[in-house]
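Novice: One structure, as structure tokens, below. Some questions next.
No value in this document is a laboratory result; all are computed from the given coordinates. What you see is a predicted model, and the numbers here were worked out from it, not measured in a lab. Neighbour counts are summed over all protein chains in view; Cβ atoms, including those assigned to glycine, are modelled from backbone coordinates with ideal geometry.
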Amino acid sequence: MAQVNEELVKKVFDEMIKHKPSLAKHLIADEDDPNETVDTRVLADLTIKHFPWPIGVELRRLFSGSMRQLNRGRLDQLFKTIERTMQFLSFVMIAQLWEEKIKKNFELPKDYSDQFKNRFNVLSLGNYTWLIRATGNLFEKLSIEPFMPEMKEMLNNKFYQSLDFWVPERNEIGHYQINLSDEEIQKRCVEYEDKLAFILQNISFIIKYKLVTIREIKVLKNKHKGAKFNHVMDLLNNSDSDFKATEMQHDIFADSNCVLLMKDFKVPNEFLNLSPLVIDTRPEIIDTKEKFNLKKDIFMYTKFVNEKLMYVGTEISEKCDLTPLSNYAMLVEQFKDLVASFTSSENVNV
């Protein structure tokens, strides 16, 4: 693993240090032995832990022992890691645009709304690419300051063009090319690793933010004193799914029973609610037989068909019917509100 992923890990880790200087200490192997090198596996594990779980779990797969050869398995995982990274980034941008539209009640350009309506019901890599580029351009046109200010510098033509690498590799319905020789596969492994490194370097600022599940908010009120809000949350940044649980008490409260991207979980009023695009089924109580087959995982939205929301798990690979979730009807309602907000007939050309 160290040899195959060394350049990728070092490129990304060097950028991570710029946003979190405390990580630099891990580049020092042994002060008494200048010839000793840093174990790339340690840096890889830190990279996995610091990126939000939907991205980190794909990096964990990529850095695993089974991905040491430049073969079809590694090529597919490189593709999958890029795709999941783009999916998460596009969801963050859509979540912010939705919030901004609700707060400021502005109109979206008709060409954006029309494209969004055609693309968002069934998502693919090409649609993630379009969402990032079109929404980024919209942020600039409407003078929207990104939730993560560092994103403003990232959203440029060079970054957008880096997302188009996949175009020659997929057909119209989004399948991988399968007729590749071993030499072609090896070449693409090297090319896609460079693409992944570039994308991760450009979004490395995301490690400054916290992806959390707010399991519960308890109201604490003593006589003659103001209310306090005890937040029970999981930090969704780790090298495995055993996420760190924490409780924080605040004078204000965040949204409950959802996945949030927070600037600082110690100050819960600055966040993006990623529901219904990113959901966490782990807090669900299995109290009916209909819920027996529910899987506990972080899920990402992929399509809305026949009035049903479809999700893909980040850790589990098998298909899972999420309709028995106690908040499923609310998720569908939220999704319809999102789409309706983006596809209003009142939208005008810009």
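Novice: For the chain, list log₁₀ I(q)/I(0) at each q in 0.06, 0.10 Å⁻¹, using the Debye formula over Cα point scatterers of equal strength and ignoring solvent, two decimals each.
Specialist: Computed log10 I(q)/I(0) values: -0.23, -0.66.
Novice: If you keep only loop residues by DSSP, which chymotrypsin sites (Phe, Trp or Tyr not before Pro) in region 52-115 have at most 15 other Cβ atoms within 10 Å of their Cβ?
Specialist: 106
Novice: Kyte-Doolittle cut-off -0.5, length cut-off 20 Å along the helix's own axis using Cα: show which whole DSSP H helices in the chain pass.
Specialist: Helices meeting the span and hydropathy rule in the chain are 2-19, 72-104, 125-141, 328-342.
Novice: Taking a ≥ b ≥ c as the square roots of the eigenvalues of the Cα gyration tensor of region 86-131, is the shape rounded (a/c under 1.5), prolate (a/b larger than b/c) or oblate?
Specialist: oblate
Novice: How about region 234-292: which chymotrypsin sites (Phe, Trp or Tyr not before Pro) there lie in a loop by DSSP and see at most 14 other Cβ atoms within 10 Å?
Specialist: Working: sites: 243, 253, 265, 271, 292; in loops: 243, 253, 265, 292.
Passing sites in region 234-292 are 292.
Novice: I'd like the Kirkwood hydrodynamic radius of region 217-350, using the inverse of the mean 1/r over distinct C-alpha pairs, in Å. Walk me through the numbers before you get to the answer.
Specialist: Working: mean 1/r = 0.0586 Å⁻¹.
It works out to 17.1 Å.
Novice: Please identify, among 223, 336, 266, the residue showing maximal mean-square fluctuation in a Gaussian network model of the chain using a 10 angstrom Cα cutoff.
Specialist: Among 223, 336, 266, the largest mean-square fluctuation in the Gaussian network model of the chain belongs to 223.
Novice: Also: Place a +1 charge on the Cβ of each Lys and Arg in region 209-273 and a -1 charge on the Cβ of each Asp and Glu, then give the dipole magnitude about the Cα centre in debye, rounded to the nearest 20.
Specialist: Values: 10 positive and 9 negative charges, 89 e Å.
Dipole of region 209-273, to the nearest 20 debye: 420 debye.
Novice: Using 0.36 nm per residue of separation minus the Cα-Cα distance, give me the extension gain between residue 296 and residue 247 in nm, one decimal.
Specialist: Values: separation 49, 0.36 × 49 = 17.64 nm, distance 2.11 nm.
Going from the current span to full extension adds 15.5 nm.
Novice: With point charges of +1 on the Cβ of Lys and Arg and -1 on the Cβ of Asp and Glu, referenced to the Cα centre of region 209-273, which listed residue (243, 273, 226) lies farthest in the positive direction of the dipole?
Specialist: Of the options given, the answer is 226.
Novice: Considering only 200, 235, 23, give the residue with the highest GNM mean-square fluctuation for the chain, with springs between Cα atoms whenever their separation is below 10 Å.
Specialist: Its mean-square fluctuation being the largest, the pick is 23.
Novice: Still on this structure, I have one more. State the percent of C-alpha pairs, over all pairs in region 1-157, separated by a distance greater than 29 angstrom.
Specialist: Value for region 1-157 (Cα pairs over 29 Å): 33 percent.
Novice: Taking Cα centroids, how far is region 63-95 from region 245-309 in Å?
Specialist: Their Cα centres are 23 Å away from one another.
Novice: Given axes a ≥ b ≥ c from the Cα gyration tensor, I'd like to know whether region 209-273 is rounded (a/c under 1.5), prolate (a/b larger than b/c) or oblate.
Specialist: Note, shape of region 209-273 comes out prolate.
Novice: Shifting gears a bit: Rank by packing, highest mean first: peptides 281-289, 311-319, with packing defined as the count of other Cβ atoms within 10 Å averaged across residues.
Specialist: Values: 281-289: 12.7, 311-319: 15.1.
Output ranking for 281-289, 311-319: 311-319, 281-289.
Novice: Taking every DSSP beta bridge that has both residues in the chain, what percent is antiparallel when rounded to the nearest 5?
Specialist: 95 percent
Novice: Right, another one. How high is the FRET efficiency from residue 14 to residue 121, r the C-beta distance, R0 41 Å, rounded to 0.05?
Specialist: Efficiency at R0 = 41 Å is approximately 0.55.
Novice: Evaluate the charge dipole of the chain about its Cα centre and quote only its size in Debye, nearest 20, assuming +1 on the Cβ of each Lys and Arg and -1 on the Cβ of each Asp and Glu.
Specialist: Numbers: 48 positive and 53 negative charges, 214 e Å.
It comes to approximately 1020 debye.
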